[in-house]
1. Tell me the Kirkwood radius of the stretch 156-197: reciprocal of the mean inverse pair distance over distinct alpha-carbon atoms, in Å.
2. Rounded to the nearest Å, what's the spacing between the alpha carbon centres of the stretch 1-64 and the stretch 173-222? Just the number, please.
3. Given charges of +1 on the Cβ of Lys and Arg and -1 on the Cβ of Asp and Glu, with all other atoms neutral, how large is the dipole of the chain about its Cα centre, in debye to the nearest 20?
4. Pull up the cross-link candidates among the lysines for residue 170, meaning alpha carbon to alpha carbon under 27 Å and not fewer than 8 places away within one chain.
5. Give the peptides 188-201, 58-71 in descending order of average Cβ contacts within 10 Å, highest first.
6. 7 Å from Cα along Cα→Cβ at both residue 187 and residue 170: what's the point-to-point distance in nm?
7. Mind checking Rg over Rh on the stretch 1-158, alpha carbons, Kirkwood formula for Rh?
8. Output the peptides 137-144, 126-133 sorted from most to least packed, where packing is the average of other Cβ atoms within 10 Å over each peptide's residues.
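Bear in mind that the values in this text are calculations on the coordinates, not laboratory data. Predicted model only: the values in this text are computed from it and were never measured. Cβ: placed from backbone, ideal geometry, glycine included. Neighbour counts: every protein chain shown.
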Amino acid sequence: MNHTVGFIYAHPDDETFGCACLIREVADQGGKTVLLCATRGDAGKTGRLGPMSKSELAARREVELQKAGDIMGLSVIEHLGLPDGQLASYDRAFLADQIVSFINKHNPSVIVTFPEDGMSGHKDHIAIHHATNEAVFSGRCPSVQKLYYNAPFSARASNGKPPLQIEVSKHWPMKAKALLAHESQILSIERVFGDLKTIPNNGFGQYESFVLVWEKGVHHPEREDRSIFDRVE
Ligand SMILES: [Zn+2]
């Protein structure tokens, strides 16, 4: 299997929260996984690490992301280094251009990004959602055959069917380790996933979900996928 999957996110840790298990499965199948992270997460909190300057936190989070990426099996991590918390103030075409450049450098067949509500409602997430749509739908990324939204666990595809789901329990020790690598973000991680010693007994412990929203020029295709590589040539 020689396909590449591109993950487009806003902050270091978004990828681990939403799709650590998918990244691991693609890597285990021999696929390449490439991540574009738009900010260095420098406006985030520092957890139990104590006060840090923005640049200290940015440097710290870059190291944490690399550590998590090694655990998940990310082949490539690239940073745009845009200011955390301010993505919505950028021109969407500018953000889309950055994403197009990243995609055309790595030629992924499949792209995964945030859903419409950014998963958590975060403005940076929503800005990346729109810019990724614009990049993929523009026709300027010829390698891309499918676009998925990393949906909440309860999501439904537009045809009413459940989205592609990956059971978190199959990969929990790996996912917990990757989450722990984002040490500065431990408080928000614990809020969502609990103490990480056991599989969370909320939806985050059940599935990572992915809704297919576009395939080879067709929006909301009436398809049911068992793998993100179904029908990918
Ligand atoms: Zn985020």
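1. By the Kirkwood definition, the hydrodynamic radius is 12.0 Å.
2. 12 Å
3. On the way: 25 positive and 29 negative charges, 40 e Å.
Computed about the Cα centre, the dipole is about 200 debye.
4. 32, 67, 146, 161, 197
5. Working: 188-201: 13.9, 58-71: 19.4.
Going by the mean number of other Cβ atoms within 10 Å, highest first, we get 58-71, 188-201.
6. About 3.6 nm, to one decimal.
7. Numbers: Rg = 14.9 Å, Rh = 15.7 Å.
Result for the stretch 1-158 is an Rg/Rh of 0.95.
8. On the way: 137-144: 15.2, 126-133: 22.8.
Packing proxy ranking, top to bottom: 126-133, 137-144.
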